[in-house]
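K.L.:
Have a look at this one before I ask anything.
The values are calculated or read from the model by the stated rules, or taken from the named source; none is laboratory data. These numbers were taken from a predicted model, which means no experiment stands behind them. Here Cβ is always computed from backbone atoms with ideal geometry, including for glycine, and neighbour counts include all displayed protein chains. Just the protein is used for accessible areas: all its heavy atoms, side chains included, with ligands, DNA and RNA removed. Shrake-Rupley method; radii C 1.70, N 1.55, O 1.52, S 1.80 Å.
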Amino acid sequence: MTKIALPNKGTLSDSAIALVKEAGYRCTRTGRELCMTDSENDIEFVFLRPRDIAVYVSQGVIDIGITGRDLNLDALTPAAEIMPLGFGRSTFRYAVPNESTLTPEKLGGLRVACSYPNIVKRDLEKRGVKAHIIQVDGAVEVSIRLGVADAVADVVDSGQTLREAGLKTVGEPVMESEAIVIARSAETADHPQVARFLKRLNGIVLAREYAMIEYDIPVRLLSQATVITPGIEAPTISPLKDPAWVAVKAMTKKKGINAIVDELSDIGAKGIVVMDIRTCRL
């Protein structure tokens, strides 16, 4: 039976569980169960602390897991990243007081508070900087105000928490993070059950980026319309009762979809409808 780890709490948990359920797997907990068996798909889901998932996966105790890229890279023995999932996006950055002139290159000999000591250690080593790393769990941004640190390094989403603490980010992001699927090695993805799981998840992730657009267009304007909506390979074109018109269906990126609708309307398309796609394979 394939073992798959899912976050048991935190910002990644709800989104990860929703994605897996949408892919057709049974992984809903009724309480605080640590394990849930999906007998139909011969998979056991194990709910672990997001920070611990990389440890169990890298040691081969769990076949694959969903966690954050930052959490995986902060593990002493990171697992192999198999697939990005497109949610839980954030950056990892250094921050200092607003009035400070410090940059990451000027942190030598100073104190840097963080919850991801291994990421910070490796980054500072690359910069040739020797700083004192102070590990704290949560509320990293208050460390400077309390006199514990001179700078902090933390996951940044909107940056609002840092601004409220009187801090600003400095330097380029250390890394870009998001939810990912990890495995002990890339070869794990070749296991039949794992491969099917990954294909299903990938279908959902892709579907979230695309929409299906349908509309009617005069035949004389068809060439213009298909430039606007070329589809994946080509749009589907169907005849209508009126031979002067055809119906067009095409997949298109959700980003910019309103502009596409405007363009189609401007050239004379009618009955324009945009629909979400639940899953797809490209």
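K.L.:
Filter the stretch 113-154 for residues that are touching a Pro at 6+ places or on another chain (Cβ under 8 Å) and basic (Lys, Arg) and give the result.
P.N.:
Arg127
K.L.:
Give the residues of the stretch 254-269 that are touching a helix residue (DSSP H, G or I) at 6+ places or on another chain (Cβ under 9 Å) and at negative phi, sorted by residue number.
P.N.:
First pass over the stretch 254-269, keeping only residues touching a helix residue (DSSP H, G or I) at 6+ places or on another chain (Cβ under 9 Å): 260, 263-264, 267-269.
Residues satisfying the conditions are Ile260, Glu263, Leu264, Ile267, Ala269.
K.L.:
Moving on to the next point. For the stretch 209-244, which residues satisfy the criterion of being open to solvent by 40 Å² or more (accessible area, probe 1.4 Å) and in contact with a Phe, Trp or Tyr (Cβ under 9 Å, 6 or more places away or on another chain)? Outline the logic, then answer.
P.N.:
Here is the first cut: in the stretch 209-244, the residues open to solvent by 40 Å² or more (accessible area, probe 1.4 Å) are 209, 212, 214, 216, 219-220, 223-224, 227, 230, 232-234, 236-244.
Those that are open to solvent by 40 Å² or more (accessible area, probe 1.4 Å) and in contact with a Phe, Trp or Tyr (Cβ under 9 Å, 6 or more places away or on another chain): Asp216, Val219, Ile232, Pro239.
K.L.:
Test Asp14 against the stated conditions and say whether it is more than 12 Å from Ile182 (Cβ to Cβ), acidic (Asp, Glu) and exposed (fewer than 15 other Cβ atoms within 10 Å of the Cβ). Before you say what the answer is, go through the steps one by one.
P.N.:
Details: more than 12 Å from Ile182 (Cβ to Cβ): yes; acidic (Asp, Glu): yes; exposed (fewer than 15 other Cβ atoms within 10 Å of the Cβ): yes.
Yes: the conditions hold for Asp14.
K.L.:
Within the stretch 102-121, which residues are within 27 Å of Arg51 (Cα to Cα), in a helix (DSSP H, G or I) and open to solvent by 50 Å² or more (accessible area, probe 1.4 Å)?
P.N.:
Matches in the stretch 102-121: Lys121 only.
K.L.:
Of the residues Thr103, Thr77, which single one is more than 29 Å from Ile277 (Cβ to Cβ) and free of Cβ contacts under 8 Å to residues at least 24 places away in the same chain? Show your work before the answer.
P.N.:
On the way: Thr103 fails: free of Cβ contacts under 8 Å to residues at least 24 places away in the same chain.
Sole residue among the options that is more than 29 Å from Ile277 (Cβ to Cβ) and free of Cβ contacts under 8 Å to residues at least 24 places away in the same chain: Thr77.
K.L.:
So is Leu124 in contact with a helix residue (DSSP H, G or I) (Cβ under 7 Å, 6 or more places away or on another chain), part of a helix (DSSP H, G or I) and crowded, with 17+ Cβ neighbours inside 10 Å or not? Before the answer, list the steps.
P.N.:
Numbers: in contact with a helix residue (DSSP H, G or I) (Cβ under 7 Å, 6 or more places away or on another chain): no; part of a helix (DSSP H, G or I): yes; crowded, with 17+ Cβ neighbours inside 10 Å: yes.
No; evaluated as a whole, the condition is false for this residue.
K.L.:
List the helices (runs of 4 or more DSSP H) that sit entirely inside the stretch 183-277 and contain at least 3 residues that are under 20 Å from the mean Cα position of the chain (by Cα).
P.N.:
Details: elements: 192-207, 222-228, 257-267.
Once the helices (runs of 4 or more DSSP H) in the stretch 183-277 are filtered for at least 3 residues that are under 20 Å from the mean Cα position of the chain (by Cα), what remains is 192-207.
K.L.:
Turning to a different aspect of this structure: Go through the residues of the stretch 66-79 one by one and say whether even a single one is acidic (Asp, Glu), touching a helix residue (DSSP H, G or I) at 6+ places or on another chain (Cβ under 9 Å) and outside any helix (DSSP H, G or I). Steps first, please.
P.N.:
At the first step, the residues of the stretch 66-79 found to be acidic (Asp, Glu) are 70, 74.
Filter once more, keeping what is touching a helix residue (DSSP H, G or I) at 6+ places or on another chain (Cβ under 9 Å): 70, 74.
Next cut, outside any helix (DSSP H, G or I) only: none.
No, because not a single residue in the stretch 66-79 is acidic (Asp, Glu), touching a helix residue (DSSP H, G or I) at 6+ places or on another chain (Cβ under 9 Å) and outside any helix (DSSP H, G or I).
K.L.:
Continuing with this model, one more query. Looking at Pro50, Pro84 in this structure, which one is open to solvent by 50 Å² or more (accessible area, probe 1.4 Å) and either in contact (Cβ under 8 Å) with a residue 12 or more places away in the chain or touching a Gly at 6+ places or on another chain (Cβ under 7 Å) (or both)?
P.N.:
Details: Pro50 fails: open to solvent by 50 Å² or more (accessible area, probe 1.4 Å).
Going through Pro50, Pro84 in turn, the sole match is Pro84.
K.L.:
Only one of (1) touching a Ser or Thr at 6+ places or on another chain (Cβ under 9 Å); (2) closer than 25 Å to Ile17 by Cα fails for Ala234. Which number is that?
P.N.:
(2)
K.L.:
Applying the selection to the stretch 80-101, what residues are farther than 23 Å from Ile17 by Cα and in a strand (DSSP E or B)?
P.N.:
Phe92, Arg93, Tyr94, Ala95, Val96, Pro97
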